[in-house]
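Visitor: After the structure tokens below, expect a handful of questions from me.
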Amino acid sequence: MPLTFLSFSREYEAEADYLGIQYMYRAGYDPQGMVSIFEKLNALEKHKPGALSRAFSDHPATPDRIANVETEIATILPARPDYLVTTSEFDNVKARLARIQNKRGLNDKKNANKPTLRRTSSTNNDPNNPSTNSGSDQPTLGRR
């Protein structure tokens, strides 16, 4: 891929970060959560260094993204006394993802001898169990 296209893509990613913090803030969430995600990505990248792959990456460098997002938060967003911590929709999605992850861990044959972490949820939001969705007009994601 030509290097000129990479610069355009990096600009688009930087714009997406900029808009993302604004969307988070307007939805009531703490935009510092984006900084936290980038810090976690940065820690993962340190465990698997690849300077050449980073040089030709279509995303800006993670430390640069952290610095840019922190600057934009401090510059354009006034602090709020409180932020949303969780919502019922978020809890439902988190429970579904935990079930999917647990099911994949059980079916993974190549790592059969390794211990796995199975997470449980306090609610039963199984989209495949019709008893939990009876009377609900919310869309559900069915498995094939």
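Visitor: Return the FRET efficiency for the residue pair residue 41, residue 96: r is the Cβ-Cβ distance, R0 is 25 Å, and the value is rounded to the nearest 0.05.
Guide: 0.60
Visitor: Rank 15, 89 by accessible area, highest first, at a 1.4 Å probe radius?
Guide: I get 89, 15, largest accessible area first.
Visitor: Still on this structure, I have one more. Need the full-extension length gain, residue 70 to residue 104, defined as separation in residues times 0.36 nm minus the C-alpha distance. One decimal, nm.
Guide: 8.7 nm
Visitor: Another question, then. Provide the solvent-accessible area of residue 76, counting protein heavy atoms only and rolling a 1.4 Å probe, rounded to the nearest 10 Å².
Guide: 70 Å²
Visitor: Now for a different question. Could you sort 38, 90 by accessible area so the largest value comes first, with the probe set to 1.4 Å?
Guide: 90, 38
Visitor: Each residue of the stretch 59-72 in turn: what ³J(HN,Hα) in whole Hz from Karplus with 6.51, -1.76, 1.60 and θ = phi - 60°, glycine and Pro shown as x?
Guide: For the stretch 59-72, the Karplus-derived couplings read 10, x, 4, 4, x, 5, 5, 4, 4, 5, 5, 4, 5, 5 Hz, x marking Gly and Pro.
Visitor: Right, here's the next one. Quick one: which residues, 5+ away or cross-chain, put their amide H under 5 Å from the amide H of residue 29? H built at 1.01 Å from N.
Guide: Answer set, sorted by chain and number: 84.
Visitor: Sort 87, 71 by accessible area with a 1.4 Å probe, largest first.
Guide: Most to least solvent-accessible, the answer reads 71, 87.
Visitor: Which value, in Å² rounded to 10, gives the accessible area of residue 40 with a 1.4 Å probe and all protein chains present?
Guide: In the full protein context, residue 40 sits at about 140 Å².
Visitor: Please list 3J(HN,Hα) in residue order for the stretch 73-88, calculated via the Karplus relation 6.51 cos²θ - 1.76 cosθ + 1.60 where θ = phi - 60°; whole Hz, with x for glycine and proline.
Guide: Computed from phi, the couplings for the stretch 73-88 are 4, 5, 7, 9, 10, x, 5, 10, x, 8, 10, 5, 9, 7, 9, 5 Hz.
The values are calculated or read from the model by the stated rules, or taken from the named source; none is laboratory data. Keep in mind that what you see is a predicted model, and the values were worked out from it rather than measured. Methodologically, a virtual Cβ is constructed for each residue, glycine included, from the backbone with ideal geometry; neighbour enumeration extends over all protein chains shown. The area values use the complete protein model at the heavy-atom level, side chains included, leaving out ligands, DNA and RNA. Shrake-Rupley method; radii C 1.70, N 1.55, O 1.52, S 1.80 Å.
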